[in-house]
1. Being surrounded by fewer than 15 Cβ atoms within 10 Å (Cβ to Cβ) and within 20 Å of the chain's Cα centre (by Cα) is the filter here; which residues of region 147-165 pass it?
2. Just the residues that are at pLDDT below 95 and assigned to a loop (DSSP other than H, G, I, E, B), please, taken from region 42-81.
3. For residue 103, only one of the following conditions fails: (1) closer than 20 Å to residue 29 by Cβ; (2) outside any loop (DSSP other than H, G, I, E, B); (3) out of contact with any helix residue (DSSP H, G or I) (no Cβ under 9 Å at 6 or more places or on another chain). What is its number?
4. Consider residue 97 carefully, then state whether it is modelled with pLDDT under 95 and outside any helix (DSSP H, G or I).
5. Identify all residues within region 1-22 that are in contact with a helix residue (DSSP H, G or I) (Cβ under 8 Å, 6 or more places away or on another chain) and either under 12 Å from residue 59 (Cβ atoms) or part of a loop (DSSP other than H, G, I, E, B) (or both); write none if there are none.
6. Any idea how many residues of region 76-112 are loosely packed, with under 14 Cβ neighbours inside 10 Å, touching a residue at least 40 places away in the same chain (Cβ under 8 Å) and closer than 18 Å to residue 37 by Cβ?
7. Here are some conditions: (1) in contact (Cβ under 8 Å) with a residue 12 or more places away in the chain; (2) in contact with a helix residue (DSSP H, G or I) (Cβ under 8 Å, 6 or more places away or on another chain). Residue 116 meets all but one. Which one does it not meet?
8. What is the number of the single condition among (1) under 17 Å from residue 22 (Cβ atoms); (2) surrounded by fewer than 19 Cβ atoms within 10 Å (Cβ to Cβ) that residue 70 does not meet?
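The values are calculated or read from the model by the stated rules, or taken from the named source; none is laboratory data. What you see is a predicted model, and the numbers here were worked out from it, not measured in a lab. Using ideal geometry, Cβ is built from the backbone for each residue, glycine included, and neighbour counts are taken over all protein chains shown.
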């Protein structure tokens, strides 16, 4: 199973660095959709990603429009993560899918409303209390990504530590 984590116009370098580290740990491809709210070479991004940048596959896209043209949602197993999602992220069956794209919007606004309305049946959410606006972006990516890998029995991930051998 190939997982693609797509960040649409991320704004906070530390979040992107943390997400890059998560993607490296699970072997997910990271897509960065411009414009970014920072320079990818910024110290905060590099520090949050630690020394995992060379273990990560990154694809950069000049715009969300360009990304959607290259990877049409109608032909891809694509899920749009939003607090307005119609389905709980853990209710989706990812196990039977060879490749999955999960899209996350910018920290302050999320994904564009017109996209969410157009692909309403492909929107997923992480349950939380009504009075809370949203979770941190890097936490949201980790929650959804690990659910996808859990449903795929953590395929290609180390399940037993070899630390004490």
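1. Our first condition is that a residue be surrounded by fewer than 15 Cβ atoms within 10 Å (Cβ to Cβ); within region 147-165, this holds for 150, 153-165.
If the condition is that a residue be surrounded by fewer than 15 Cβ atoms within 10 Å (Cβ to Cβ) and within 20 Å of the chain's Cα centre (by Cα), then 150, 153, 154, 155, 156, 157 are the ones that fit.
2. 42, 50, 51, 52, 56, 57
3. (3)
4. Numbers: modelled with pLDDT under 95: yes; outside any helix (DSSP H, G or I): yes.
When the stated conditions are applied, residue 97 passes them.
5. Once the filter is applied, which keeps residues that are in contact with a helix residue (DSSP H, G or I) (Cβ under 8 Å, 6 or more places away or on another chain) and either under 12 Å from residue 59 (Cβ atoms) or part of a loop (DSSP other than H, G, I, E, B) (or both), region 1-22 yields 1, 5, 6, 7, 9, 10, 12.
6. 1
7. (2)
8. It is condition (1) that residue 70 fails.
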